[in-house]
Amino acid sequence: MFMQGMSVQQKAMMLIGRPVGISLRNGQGVSGVICTVQGNEVYIMQYMYQSQFATHHYNFNMIADITPFPPC
């Protein structure tokens, strides 16, 4: 894939505005749309339930990898 060898920070910057899956170092995963990258954190909009969304932020030290959603 074209993103192999890139840092997590580089991937986050390239994927702003796109839906992604984020693998956290603790074994959990989250998905959403990357809103912005500020300082050492990535901010993503995640779906909660019904019509509610929330912006969550994750420090890059918490992130193992970021993967763009594949096409349908």
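The values are calculated or read from the model by the stated rules, or taken from the named source; none is laboratory data. Because the structure is a prediction, the values reported are computed rather than measured. Heads up, the Cβs are rebuilt from the backbone with ideal geometry, glycines too, and the neighbour counts pull from every protein chain shown.
Could you say which residue among M6, M48, M13, M62 is touching a strand residue (DSSP E or B) at 6+ places or on another chain (Cβ under 7 Å) and modelled with pLDDT under 95?
Numbers: M6 fails: touching a strand residue (DSSP E or B) at 6+ places or on another chain (Cβ under 7 Å); M13 fails: modelled with pLDDT under 95; M62 fails: modelled with pLDDT under 95.
Checking each option against the conditions leaves just M48.
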- Taking region 29-54 and keeping only residues that are over 17 Å from M13 (Cα atoms) and not hydrophobic (A, V, I, L, M, F, W, C), one is left with G29, Q46, Y47, Y49, Q50, S51, Q52
- Is it the case that region 56-64 has a residue that's without any contact (Cβ under 8 Å) to a residue 24 or more places away in the chain and assigned to a strand (DSSP E or B)? yes
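Tally the residues that are out of contact with any helix residue (DSSP H, G or I) (no Cβ under 6 Å at 6 or more places or on another chain) and either surrounded by fewer than 12 Cβ atoms within 10 Å (Cβ to Cβ) or of a type in the set (F, W, Y) (or both), restricting the search to region 51-72. Show your work before the answer.
Looking only at region 51-72, we keep the residues that are out of contact with any helix residue (DSSP H, G or I) (no Cβ under 6 Å at 6 or more places or on another chain), and these are 51-59, 61-62, 64-65, 67-72.
Remaining after also requiring either surrounded by fewer than 12 Cβ atoms within 10 Å (Cβ to Cβ) or of a type in the set (F, W, Y) (or both): 51-54, 58-59, 61, 69-72.
Residues flagged as out of contact with any helix residue (DSSP H, G or I) (no Cβ under 6 Å at 6 or more places or on another chain) and either surrounded by fewer than 12 Cβ atoms within 10 Å (Cβ to Cβ) or of a type in the set (F, W, Y) (or both) within region 51-72 amount to 11.
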- Message: Need pairs with beta-carbon distance below 7 Å; first residue surrounded by 15 or more Cβ atoms within 10 Å (Cβ to Cβ) and outside any strand (DSSP E or B) and within region 12-39, second among the hydrophobic types (A, V, I, L, M, F, W, C) and modelled with pLDDT under 95; sequence gap 6+ or separate chains.
- Response: none
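Within region 40-50, count every residue that is surrounded by fewer than 13 Cβ atoms within 10 Å (Cβ to Cβ) and more than 21 Å from P70 (Cβ to Cβ). Steps first, answer last, please.
Step one: of region 40-50, the residues surrounded by fewer than 13 Cβ atoms within 10 Å (Cβ to Cβ) are 40, 47-50.
Now drop any that are not more than 21 Å from P70 (Cβ to Cβ), which leaves 40, 48-50.
Number of matching residues: 4.
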